[in-house]
Amino acid sequence: MRRAKFERRTSETDVKVELNLDGKGASEVSTGIPFLDHMLNSFSAHSLIDLKVLATGDLRHHVVEDVAICLGEAMRKALGDRAGIKRFGYSIAPMDDALALAAVDLVERPYSSVELKVRMLEGIGGLELEHFIRSLAASARFTVHLEVLRGFDGHHMAEAAFKALALAMRQALERDERRKGYPSSKGSM
């Protein structure tokens with residue numbers, strides 16, 4: 001089983017993350033930020049990653065950033081050497097008026113292109129969601145392109161983005177029974 005735990009304690013935050021990449025989408029999330037909890041629960045449900053997150057902190061920004069870092073570190077640990085995975089995943093996900101596109105490459109080269117069009121809207125609790133995704137990709141060491149293509153409700157736009165990302169990750173994380181070794185023409189990641 002591809003499981004991992006990661007904890008981070010600083011003078012600003014205390015974050016604990018536990019995950020199972022081969023789960024069923026069960027989640028227990030408590031960050032003190034209701035909208036972040038909602039997005040992480042949605043991510044877990046649609047990626048089928050079992051996820052436990054417990055976080056406290058002094059400022060919303062610090063909690064959002066450190067949860068992303070810890071989630072990324074746990075994902076990186078759980079993936080190990082990444083041999084035998086499909087590596088690539090992509091999805092287009094709707095949420096009522098919103099439509100989002102996500103593409104990921106679990107190549108161990110962190111890069112993120114994120115255009116959510118919902119940076120700090122009141123309706124989503126003032127979260128810095130683009131910063132969350134960038135911090136996650138950097139910490140887990142993967143490439144992500146994530147874009148909200150259309151929408152007018154900030155909540156729906158953010159949720160479509162997290163669902164698209166979850167579906168793309170689910171695809172990329174799957175084991176490829178036909179592949180022996182690394183999913184790369186170079187023979188390593």
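None of the figures in this text is laboratory data; all of them are computed from the coordinates on show. Keep in mind that this is a model prediction, so the values were computed, not measured. Cβ sites come from the backbone with ideal geometry, for glycine too, and all protein chains shown count toward neighbours.
Of all aspartates and glutamates in the structure, those lying under 14 Å Cα to Cα from Lys77, and not within fewer than 8 positions of it along the same chain, are Glu7, Glu18, Asp22, Glu108.
For a modelled paramagnetic label at Thr10, 7 Å from Cα along Cα-to-Cβ, the residues of the stretch 52-69 in reach, with backbone nitrogen under 13 Å, are 56-69.
Were the residues from Asp96 through Leu149 laid out at 0.36 nm apart, the gain over their Cα-Cα distance would be 17.8 nm. Between Ala26 and Arg3, the modelled label-to-label distance comes to 1.0 nm, taking each label 7 Å out from Cα in the direction of the beta carbon. With N as its number of residues, the stretch 3-173 has a Cα radius of gyration that, divided by 2.2 N^0.38 Å, comes to 0.93. Legend: residue pairs Lys5/Lys86; Lys24/Lys86; Lys52/Lys180, Cα-Cα distance threshold 28 Å; pairs beyond threshold, Lys52/Lys180.
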